[in-house]
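The numbers here are math on the coordinates, done by the rules we state, and not lab data. Here the structure is a predicted model, which means the values were calculated and not measured. Cβ sites come from the backbone with ideal geometry, for glycine too, and all protein chains shown count toward neighbours.
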Amino acid sequence: MIKETFVMIKPDGVKRKLIGEVIKRFEQKEMEITELKMKSLSREEAEKLYEMHKGKDFFEKLINYTISGRVVLMKIRGEEAVMNCRIVVGETYPEKRHAGSIRGDFSAYLTENVVHASSSDEDAKRELGIFFG
Ligand code: CMP
């Protein structure tokens, strides 16, 4: 089924000039970028995006990192877009990542992990709503 999801290239991805590489990987997987913008998130926007992690020990570090530089926000459309974009992104935990995924190829860290993609249809709807109305 054709679906939409939300993807964000995080501050480390932008600083390391990986925007082109990251977009290429989604396009290679036959995903279509239908909206795209670059900005610095406010603390409020970052806390809204990651509200499911509020109260966890890594929350403050995650928010400070997310607002530390510009990010690229994207609406992506394609066959089972939520699942397929997660496959392109790779695993959260470094020890589980495989070469060939964005995080497997470009990140050695848990927090600074280049890219975020919504983890469910409900999250995708909510996260797209925050940034694309
Ligand atoms: P992301 O997929 O954007 O979702 C939540 C983010 O929190 C995750 O990527 C990491 O950048 C960050 N994070 C830091 N510590 C943890 C942790 N212990 N578990 C999950 N996510 C973490």
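Results, tabulated for the structure shown:
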| item | result |
| --- | --- |
| Pick from the stretch 38-89, criterion within 13 Å of the ligand (Cβ to nearest atom) and among the polar types (S, T, N, Q), ranking: surrounded by the fewest Cβ atoms within 10 Å (Cβ to Cβ) | Asn64 |
| All positions within the stretch 18-37 that are within 16 Å of the ligand (Cβ to nearest atom) and under 26 Å from Ile2 (Cβ atoms) | Val22, Arg25, Phe26 |
| Single residue of Val88, Val82 found to be within 11 Å of Lys29 (Cβ to Cβ) and either more than 12 Å from the chain's Cα centre (by Cα) or part of a helix (DSSP H, G or I) (or both) | Val88 |
| Residue match in the stretch 19-33 (condition: surrounded by 15 or more Cβ atoms within 10 Å (Cβ to Cβ), in a strand (DSSP E or B) and touching a strand residue (DSSP E or B) at 6+ places or on another chain (Cβ under 9 Å)) | yes |
| Selected residue (criterion: farthest from Phe132 (Cα to Cα)) from residues of the stretch 61-73 that are assigned to a helix (DSSP H, G or I) and touching a residue at least 12 places away in the same chain (Cβ under 8 Å) | Lys61 |
| Residue match in the stretch 74-82 (condition: free of Cβ contacts under 8 Å to residues at least 12 places away in the same chain, of a type outside the set (A, V, I, L, M) and over 16 Å from Ile130 (Cβ atoms)) | no |
| Looking only at the stretch 117-133, and only at residues there that are free of Cβ contacts under 8 Å to residues at least 40 places away in the same chain and in a loop (DSSP other than H, G, I, E, B), the one that is surrounded by the most Cβ atoms within 10 Å (Cβ to Cβ) | Ser119 |
| Among the residues listed as Glu45, Glu32, the single one being in contact (Cβ under 8 Å) with a residue 60 or more places away in the chain and not hydrophobic (A, V, I, L, M, F, W, C) | Glu45 |
| Residue within the stretch 64-73 that is over 17 Å from Val7 (Cβ atoms) and of a type in the set (Val, Ile, Thr) present | yes |
| Qualifying residue in the stretch 99-116 (condition: in contact (Cβ under 8 Å) with a residue 24 or more places away in the chain, more than 12 Å from the ligand (Cβ to nearest atom), surrounded by fewer than 17 Cβ atoms within 10 Å (Cβ to Cβ) and in a helix (DSSP H, G or I)) | no |
| Phe26 being touching a residue at least 60 places away in the same chain (Cβ under 8 Å) and among the aromatic types (Phe, Trp, Tyr) | yes |
